[in-house]
Amino acid sequence: MGKTIGRIITTMDTPTPTEVAFVTHEEMVDKNQYVEFDTTQGRVIGIIKDMVKANKYFDQPESVSQLSRIGEEVSNRFPTKEWEYTVGKVRSLGVYNGEIVKRPTKPPAPGEQVREPDNDTLKTFLNFKEDGMKIGELEHHGTEVKLGVTEVFQKHLAVLAQTGAGKTHTVSVLIEELLSRTKEEGRPAAVVMDLHGEYAGFADTNEYRNKVKVVKGENYKIPVSSLGVSDFSLFLPGMSKAQERELSHAIAMLKREGNPYAIQDIINQILSDKEMNEKLQGALVSWLGHLDSEMFSETGSSVSELVKPGKLSIVDMSKMIKQKEKQVLVSYISERLFTKRRNREIPPFILFLEEAHNFAKESGESETRMAKNIVETIAREGRKFGASLCLISQRPMKLSTTALSQCSTQVVMRITNPHDLQHIGKTSEGIDEASLDTLTTLQVGEAMVTGSAVRNPVFLKIRQRISSERDLGKDLEVQAKEYEEELERKSKDAEAFM
Ligand SMILES: Nc1ncnc2c1ncn2[C@@H]1O[C@H](COP(=O)(O)OP(=O)(O)O)[C@@H](O)[C@H]1O
Ligand SMILES: [Mg+2]
């Protein structure tokens with residue numbers, strides 16, 4: 001039995017089967033803390049949704065006002081402190097007798113004790129898994145939060161918060177947990193599309209070094225010889241049906257020759273077709289010319305190299321400058337991973353997509369939304385094949401509603417933008433107003449988990465990471481100083497050289 005922290009009282013409209021108030025003292029409780037009490041149905045677990053303080057010496061405005069008028073402190077005349085108390089307002093979450101959880105349908109009796117549930121109760125009630133991922137501690141309780149890999153990832157995860165709230169940190173912690181799993185425990189492959197080169201620290205950490213592969217986005221070559229017309233229409237949104245038909249014809253001709261070929265070969269093939277409508281020919285050649293040939297090569301890299309059980313591949317896109325190239329790369333890798341997994345050619349994987357709102361964009365020009373379709377397809381169908389997504393975004397508003405609503409677990413950290421808050425409230429069922437309100441007050445590293453990984457929204461502090469953090473966000477002063485020092489060093493070197 002947990003420690004007693006208060007007693008249930010009657011108010012105008014409580015206790016009911018779901019709303020309960022109890023008297024306690026401020027130092028014993030916190031908002032969002034879990035409590036338990038007994039009812040005729042068994043033990044009920046609830047959460048403190050709000051707290052109110054009361055004191056009878058201050059409930060008569062006229063006497064408070066009168067005393068202050070004559071310059072007298074109420075607390076000098078009366079033992080006010082001793083009469084202060086706190087009322088905790090609890091929402092009942094479920095009747096819980098060790099295993100079965102059901103909705104409470106009867107109120108508790110006034111006068112019943114309210115207790116602090118012990119760790120084991122909380123773990124099982126909230127659906128934590130013994131062999132799960134240790135990502136942090138439950139706020140106000142210190143209980144270790146261990147979430148199941150299947151529960152978190154199978155039906156996709158969204159990590160949402162404003163910049164600097166701790167998204168990348170949280171995702172790094174999740175990846176650390178994945179990399180620590182044994183074969184027996186089941187270990188999916190992880191691929192992270194790292195827009196700012198923030199994950200490379202994994203390769204600098206002893207624990208993970210031999211489980212990590214870093215691929216430079218700017219060196220990644222898309223193999224032209226293995227691309228079909230559907231790939232080209234992915235990269236070149238807006239191609240007409242007639243253009244697709246001619247392109248398909250040209251590719252078939254090249255395939256018949258049996259040699260690897262590049263974009264330029266396709267262009268030459270089209271130009272050599274004397275029967276093709278000239279306008280169509282010109283348009284098609286110009287479309288293909290748009291594809292930056294640096295990114296494409298005859299044979300290129302295989303995405304299968306990116307996915308190995310229990311290992312992490314980091315696609316470091318920080319040196320890629322062109323938006324369009326990033327779109328092409330994300331679309332291509334996502335599409336190939338999904339198709340290959342559907343054909344059972346590669347292990348189950350989790351694809352972590354940073355800046356997801358830039359790739360699965362709800363609206364905007366088609367060129368900026370190249371990856372939207374494939375991301376939405378994985379979101380809808382991936383769970384059947386063991387193809388999971390983790391969408392990471394600081395602008396949930398801009399993220400495809402289809403993709404976001406398929407993410408059945410969400411880790412939400414500090415968010416203050418009211419539009420983003422509203423959007424999150426709409427897309428995830430488990431979040432109530434009070435929880436949304438709490439999101440605005442979270443500190444860096446504090447998070448709320450909702451959805452299929454937990455029985456009830458859970459607030460926690462994300463643990464420290466083991467992998468080293470890439471120091472990218474140095475202070476402006478430091479950057480400015482380093483720049484000038486670098487200049488001086490260079491000019492000294494130059495002088496010495498002369
Ligand atoms: N749980 C945490 N514990 C300690 N430091 C954290 C935690 N979460 C984030 N931080 C720190 O806060 C800063 C911003 O975190 P980051 O994950 O980069 O935010 P985001 O990706 O949301 O912009 C980083 O320096 C990081 O080390
Ligand atoms: Mg980040």
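The values are calculated or read from the model by the stated rules, or taken from the named source; none is laboratory data. All values derive from a computational prediction rather than experimental measurement. Please note: Cβ atoms are built from the backbone with ideal geometry, for glycine as well, and neighbour counts cover all protein chains shown.
Okay, residues lined up against (1) modelled with pLDDT of 85 or more; (2) surrounded by 10 or more Cβ atoms within 10 Å (Cβ to Cβ); (3) more than 12 Å from ligand 1 (Cβ to nearest atom); (4) within 30 Å of I47 (Cβ to Cβ):
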{"position": "G451", "(1), (2), (3), (4)": "yes, yes, yes, yes"}
{"position": "E469", "(1), (2), (3), (4)": "no, yes, no, no"}
{"position": "G473", "(1), (2), (3), (4)": "no, yes, no, no"}
{"position": "E477", "(1), (2), (3), (4)": "no, no, yes, no"}
{"position": "L487", "(1), (2), (3), (4)": "no, yes, yes, no"}
{"position": "F497", "(1), (2), (3), (4)": "no, no, yes, no"}
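Taking the stated definitions as given, is S240 surrounded by fewer than 17 Cβ atoms within 10 Å (Cβ to Cβ) and closer than 14 Å to Y332 by Cα?
Spelling it out, it is not the case that S240 is surrounded by fewer than 17 Cβ atoms within 10 Å (Cβ to Cβ) and closer than 14 Å to Y332 by Cα.
With respect to V214, determine if the residue is at pLDDT 90 or above, farther than 30 Å from T401 by Cα, more than 14 Å from ligand 1 (Cβ to nearest atom) and over 18 Å from the mean Cα position of the chain (by Cα).
When the stated conditions are applied, V214 passes them.
Before we move on, is K279 over 20 Å from L254 (Cβ atoms) and assigned by TED's automatic domain parsing to the domain that holds S230?
Answer is yes for this residue.
Report, by residue number, each residue of segment 129-145 that is touching a strand residue (DSSP E or B) at 6+ places or on another chain (Cβ under 9 Å), within 12 Å of L460 (Cα to Cα) and within 16 Å of ligand 1 (Cβ to nearest atom).
Answer for segment 129-145, where residues must be touching a strand residue (DSSP E or B) at 6+ places or on another chain (Cβ under 9 Å), within 12 Å of L460 (Cα to Cα) and within 16 Å of ligand 1 (Cβ to nearest atom): K134, I135, G136, E137, L138, E139, E144, V145.
Test A54 against the stated conditions and say whether it is within 36 Å of the chain's Cα centre (by Cα) and within 19 Å of Y85 (Cα to Cα).
no
Would you list the strands (runs of 3 or more DSSP E) that sit entirely within segment 141-226 and hold 1 or more residues that are within 16 Å of ligand 2 (Cβ to nearest atom) and not aliphatic (A, V, I, L, M)?
189-194
State whether the residues of segment 407-418 include one that is more than 16 Å from ligand 1 (Cβ to nearest atom), surrounded by fewer than 17 Cβ atoms within 10 Å (Cβ to Cβ) and either outside the structural domain of L236 (by TED's automatic domain parsing) or over 25 Å from E198 (Cα atoms) (or both).
Within segment 407-418, one or more residues are more than 16 Å from ligand 1 (Cβ to nearest atom), surrounded by fewer than 17 Cβ atoms within 10 Å (Cβ to Cβ) and either outside the structural domain of L236 (by TED's automatic domain parsing) or over 25 Å from E198 (Cα atoms) (or both).
Quick check on this structure: which one of E362, E345, E367, E376 is among the charged types (D, E, K, R), touching a Pro at 6+ places or on another chain (Cβ under 7 Å) and more than 16 Å from ligand 1 (Cβ to nearest atom)?
E367
Limited to segment 103-123, what total is found for residues that are touching a residue at least 12 places away in the same chain (Cβ under 8 Å) and either among the acidic types (D, E) or surrounded by fewer than 16 Cβ atoms within 10 Å (Cβ to Cβ) (or both)?
10
Could you check, for segment 350-359, whether at least one of its residues is over 19 Å from V303 (Cβ atoms) and either of a type in the set (S, T, N, Q) or touching an Asp or Glu at 6+ places or on another chain (Cβ under 6 Å) (or both)?
Within segment 350-359, one or more residues are over 19 Å from V303 (Cβ atoms) and either of a type in the set (S, T, N, Q) or touching an Asp or Glu at 6+ places or on another chain (Cβ under 6 Å) (or both).
Restricting attention to segment 198-211, which residues are more than 12 Å from ligand 1 (Cβ to nearest atom) and either polar (S, T, N, Q) or in contact (Cβ under 8 Å) with a residue 60 or more places away in the chain (or both)?
A200, F202, A203, D204, T205, N206, E207, Y208, N210, K211, listed by residue number.
For E244, indicate whether it is assigned by TED's automatic domain parsing to the domain that holds I175 and acidic (D, E).
So E244 does not fit the description; no.
How about segment 227-269: which of its residues are in a helix (DSSP H, G or I) and either under 29 Å from K308 (Cα atoms) or in contact with a Cys (Cβ under 7 Å, 6 or more places away or on another chain) (or both)?
Within segment 227-269, V229, S230, D231, F232, L234, F235 qualify.
So which residues in segment 400-437 are over 27 Å from R463 (Cα atoms) and either within 16 Å of ligand 2 (Cβ to nearest atom) or not in a helix (DSSP H, G or I) (or both)?
Scanning segment 400-437 gives a single hit, S400.
In segment 218-236, how many are surrounded by fewer than 17 Cβ atoms within 10 Å (Cβ to Cβ) and in contact with a strand residue (DSSP E or B) (Cβ under 8 Å, 6 or more places away or on another chain)?
Residues flagged as surrounded by fewer than 17 Cβ atoms within 10 Å (Cβ to Cβ) and in contact with a strand residue (DSSP E or B) (Cβ under 8 Å, 6 or more places away or on another chain) within segment 218-236 amount to 1.
Can you name every residue in segment 372-397 that is closer than 19 Å to K167 by Cβ and away from ligand 2 (no atom under 16 Å from the Cβ)?
Residues satisfying the conditions are V375, A379, S388, L389, M397.
Would you mention how many residues in segment 194-217 are closer than 27 Å to N259 by Cβ and surrounded by fewer than 15 Cβ atoms within 10 Å (Cβ to Cβ)?
0
Would you pick out the residues in segment 438-458 that are among the β-branched types (V, I, T) and within 16 Å of ligand 2 (Cβ to nearest atom)?
Of everything in segment 438-458, just one residue is among the β-branched types (V, I, T) and within 16 Å of ligand 2 (Cβ to nearest atom), namely V444.
Looking only at segment 95-132, how many residues end up being part of a strand (DSSP E or B) and at positive phi?
Of the residues in segment 95-132, 0 are part of a strand (DSSP E or B) and at positive phi.
Give the residue, chosen from S313, S334, that is part of a helix (DSSP H, G or I), within 20 Å of I175 (Cβ to Cβ) and either at pLDDT below 90 or in contact with a strand residue (DSSP E or B) (Cβ under 7 Å, 6 or more places away or on another chain) (or both).
S334
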